[in-house]
Amino acid sequence: MRLPCAALGVLVALSVTTACGGSKSLSKEQYASRLSAMCEDFSKREQAIGDPQSVEDLVEKGPRVVEAFEQAIVEPVHELKAPDEISDQASRLTDLADQQRDVLVGLVAAAKRSDFEAVNELASKNATLNRESSSIAKELGATSCANDQG
């Protein structure tokens with residue numbers, strides 16, 4: 001069974017949320033630039049791991065994808081200080097990154113159980129999260145994160 005691109009390939013959209021933080025608020029342009037850099041970082045990590053093509057691949061590669069996502073997206077997005085003008089969108093991106101990490105963990109667990117129904121359901125949920133994060137990233141100008149797949 002081949003996993004849809006949305007299952008893991010679209011993760012790049014959430015990479016939008018990672019980079020170096022600091023206590024000082026960034027400008028909108030700086031925030032978008034850091035998000036783009038995070039997406040590029042995650043994309044490179046994901047390419048090095050390889051895109052899972054089956055449930056078996058997901059069992060093997062999924063934990064590494066989750067770890068890469070955690071390191072390149074989830075942890076850094078919590079560190080970014082968005083300017084007030086985009087604080088609602090930045091907060092939503094952070095929430096989406098957390099949700100997506102949880103979905104990815106569930107996706108790997110479902111693959112390990114050979115629960116194909118759950119794999120399909122979680123892959124669909126992942127695609128929905130990717131579309132939303134990609135849309136927000138595009139609005140913010142983080143073009144490397146604006147994934148048109150999904």
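Only the coordinates and a few stated rules stand behind these numbers; no lab work does. Since the structure is predicted, the reported quantities are computational estimates derived from the model, not experimental observations. Positions of Cβ are generated from backbone atoms using ideal geometry, with glycine treated the same way; all protein chains shown enter the neighbour counts.
Annotation: extensible slack from Glu79 through Glu40 equals 12.3 nm (criterion: 0.36 nm per residue apart, minus Cα-Cα distance). Taken as Cα centroids, the stretch 106-126 and the stretch 70-88 sit 27 Å apart, rounded to the nearest whole angstrom. In summary, the lysines within cross-link reach of Lys61, defined as a Cα separation below 20 angstrom excluding same-chain residues under 8 places away, comprise Lys44, Lys112, Lys125.
Report note on the peptides 112-119, 95-102, 41-48: ranked by the mean count of other C-beta atoms within 10 Å, highest first, their order is 95-102, 41-48, 112-119. Computed log10 I(q)/I(0) for the stretch 50-145 at 0.18 Å⁻¹: -0.83, from the Debye equation with unit scatterers placed on every C-alpha and solvent omitted. Distance between the 7 Å Cα→Cβ label points at Arg113 and Ser87: 4.0 nm.
Model label sites at Thr128 and Asp51, defined 7 Å from Cα along the beta-carbon direction, differ in position by 2.3 nm.
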